[in-house]
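Worksheet for the structure shown next.
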């Protein structure tokens with residue numbers, strides 16, 4: 001029997017705000033454990049939360065970027081559970097009235113639907129040692145969006161493409177840095193399998209503990225065949241939560257899956273509902289950026305870039321912005337140089353300097369090979385190409401008179417190569433070009449040398 005996978009993703013995104021969702025504590029990453037806390041995010045009795053309006057605006061902007069309907073009246077709910085990472089024993093979240101509904105993420109010419117985006121407070125981070133465990137509450141209360149997809153993905157590749165595209169959109173909008181190593185973007189997968197042609201979904205399994213987009217893909221590549229093999233043996237798939245072990249390359253059971261009623265959701269009595277006015281919505285709509293897919297297409301048509309180059313540049317918002325400032329008269333050449341830089345934000349190079357380098361090569365001032373040396377020096381010193389070329393004495397000799405003298409010397413000193421060329425071996429001119437480069441100490445313009453030699457050899 002042939003099976004197909006049904007995949008849905010729950011993506012948790014920390015919003016880029018300076019303070020937490022319901023208190024004034026800083027959201028900075030990397031502070032000493034339990035130093036960015038207060039009675040509110042530590043769940044002390046009697047404290048009252050105050051909503052962070054910027055977190056609401058960034059959630060609405062995220063929804064607008066993927067075509068969600070913005071709910072102009074939404075409310076807060078308490079999600080009740082008992083675990084050390086939430087000292088109140090409940091998490092303030094949104095249940096039946098989230099901020100954003102619907103929407104879709106476009107990948108490879110198709111759209112993958114989004115069910116909802118809701119806002120909630122992040123939980124603390126647990127650490128497990130040899131014989132003890134610890135909890136750092138610095139993260140507790142950080143604004144966290146949960147973006148829930150429709151179960152429309154059918155392969156690990158779909159999930160990878162969806163997450164990649166969603167991450168690009170959120171970074172472009174400035175709502176999050178989406179750094180998975182810092183926990184700013186986390187993903188849970190819901191995956192089931194069913195016979196091809198069957199409409200009813202199979203029993204879903206939730207996979208947790210994936211710390212990279214490629215990790216999500218690898219986890220699904222393991223879990224889907226595992227479920228198919230189990231069904232092939234006549235076993236039953238149970239709804240459960242499984243942990244992904246990236247090192248071992250397999251999933252294992254964590255616990256049986258909780259259902260919504262297990263959390264005993266009820267409205268949060270300490271917070272007013274969120275009302276989004278038409279004026280507020282209009283202001284947020286003004287912040288909508290050019291989305292990655294639209295920018296990709298524009299780079300292809302406006303700058304004449306291949307699809308691959310446009311994709312690489314747009315995948316990094318800083319790189320794309322830098323490229324537009326540097327593009328100049330030869331955008332393709334500029335793109336080639338820029339794509340060789342691992343992190344454009346840490347280099348001392350200015351956009352205009354890339355254009356100057358390309359112009360110097362195109363004008364024959366230096367060769368492409370010399371350009372690599374100049375570029376390496378630019379990366380380490382931040383100096384302009386002109387200064388580096390002058391300091392290193394790299395400028396090519398393009399003076400026709402000087403080059404003709406070198407060519408005549410090469411012809412006179414290499415009669416065998418001249419004879420081979422006249423006998424029909426056109427490649428013999430390369431040996432003469434090499435001699436001219438040697439005579440000029442590598443500074444002759446190879447293109448001009450080739451033209452001068454060809455003219456002299458044909459006329460001799």
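Screening residue 235 on (1) exposed (fewer than 12 other Cβ atoms within 10 Å of the Cβ); (2) under 30 Å from residue 53 (Cβ atoms); (3) out of contact with any strand residue (DSSP E or B) (no Cβ under 8 Å at 6 or more places or on another chain) shows it passes everything except condition (2).
Residues of segment 116-133 include at least one that is over 23 Å from residue 39 (Cβ atoms), in contact with a helix residue (DSSP H, G or I) (Cβ under 7 Å, 6 or more places away or on another chain) and assigned by TED's automatic domain parsing to the domain that holds residue 186.
When residue 257 is tested against (1) touching a strand residue (DSSP E or B) at 6+ places or on another chain (Cβ under 9 Å); (2) over 22 Å from residue 145 (Cα atoms); (3) modelled with pLDDT under 95, exactly one condition is not met: (2). Residues in segment 123-148 that are in contact (Cβ under 8 Å) with a residue 60 or more places away in the chain, part of a strand (DSSP E or B) and within 26 Å of the chain's Cα centre (by Cα): 143, 144, 145, 146, 147, 148.
Conditions tested, residue by residue: (1) in the same structural domain as residue 163 (by TED's automatic domain parsing); (2) in contact (Cβ under 8 Å) with a residue 60 or more places away in the chain; (3) within 27 Å of the chain's Cα centre (by Cα).
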site: 200; (1), (2), (3): no, no, no
site: 247; (1), (2), (3): no, no, yes
site: 251; (1), (2), (3): no, no, yes
site: 275; (1), (2), (3): yes, yes, no
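Among the residues of segment 268-284, just one is in a strand (DSSP E or B) and either within 12 Å of residue 61 (Cβ to Cβ) or touching a helix residue (DSSP H, G or I) at 6+ places or on another chain (Cβ under 9 Å) (or both), namely 274.
Does segment 320-334 include one or more residues that are in a loop (DSSP other than H, G, I, E, B), touching a residue at least 24 places away in the same chain (Cβ under 8 Å), under 15 Å from the mean Cα position of the chain (by Cα) and not assigned by TED's automatic domain parsing to the domain that holds residue 161? Taking every residue of segment 320-334 in turn, none turns out to be in a loop (DSSP other than H, G, I, E, B), touching a residue at least 24 places away in the same chain (Cβ under 8 Å), under 15 Å from the mean Cα position of the chain (by Cα) and not assigned by TED's automatic domain parsing to the domain that holds residue 161. Of 364, 371, 355, all but one fail to be closer than 25 Å to residue 301 by Cα and either in contact with a helix residue (DSSP H, G or I) (Cβ under 9 Å, 6 or more places away or on another chain) or without any contact (Cβ under 8 Å) to a residue 40 or more places away in the chain (or both); the exception is 355.
All of (1) within 30 Å of residue 35 (Cα to Cα); (2) over 20 Å from the mean Cα position of the chain (by Cα) hold for residue 152 with one exception: (1). Would you check if residue 150 is within 16 Å of residue 69 (Cα to Cα), surrounded by fewer than 19 Cβ atoms within 10 Å (Cβ to Cβ) and in the same structural domain as residue 270 (by TED's automatic domain parsing)? Spelling it out, residue 150 is indeed within 16 Å of residue 69 (Cα to Cα), surrounded by fewer than 19 Cβ atoms within 10 Å (Cβ to Cβ) and in the same structural domain as residue 270 (by TED's automatic domain parsing). Among the conditions (1) assigned to a helix (DSSP H, G or I); (2) at pLDDT below 95; (3) touching a helix residue (DSSP H, G or I) at 6+ places or on another chain (Cβ under 9 Å), the only one that residue 221 does not satisfy is (2).
Residue check: residue 318 meets all listed conditions (1) surrounded by fewer than 19 Cβ atoms within 10 Å (Cβ to Cβ); (2) under 17 Å from residue 378 (Cβ atoms) but one, namely (2).
Quick check on segment 108-117. Is at least one of its residues crowded, with 17+ Cβ neighbours inside 10 Å and part of a loop (DSSP other than H, G, I, E, B)? No, segment 108-117 has no match at all. For residue 437, the conditions (1) out of contact with any helix residue (DSSP H, G or I) (no Cβ under 8 Å at 6 or more places or on another chain); (2) free of Cβ contacts under 8 Å to residues at least 24 places away in the same chain; (3) under 22 Å from residue 371 (Cα atoms) are fulfilled apart from (1). Per the listing 433, 358, 429, the residue uniquely surrounded by 16 or more Cβ atoms within 10 Å (Cβ to Cβ), in a helix (DSSP H, G or I) and touching a strand residue (DSSP E or B) at 6+ places or on another chain (Cβ under 9 Å) is 433.
Take residue 298 and tell me if it is modelled with pLDDT of 90 or more and either surrounded by 13 or more Cβ atoms within 10 Å (Cβ to Cβ) or in contact with a strand residue (DSSP E or B) (Cβ under 8 Å, 6 or more places away or on another chain) (or both). Criteria met by residue 298.
Scanning segment 2-25 for residues that are in contact with a helix residue (DSSP H, G or I) (Cβ under 9 Å, 6 or more places away or on another chain), part of a strand (DSSP E or B) and closer than 12 Å to residue 143 by Cβ yields 13, 14, 19. Answer yes or no as to whether residue 367 is surrounded by 13 or more Cβ atoms within 10 Å (Cβ to Cβ), at pLDDT below 85 and either under 30 Å from residue 169 (Cα atoms) or not assigned by TED's automatic domain parsing to the domain that holds residue 171 (or both). Answer is yes for this residue.
The values are calculated or read from the model by the stated rules, or taken from the named source; none is laboratory data. The shown structure was predicted, so the numbers you read here are calculated from the model rather than taken from an experiment. Glycine also receives a Cβ, built like all others from the backbone with ideal geometry; neighbour counts cover every protein chain displayed.
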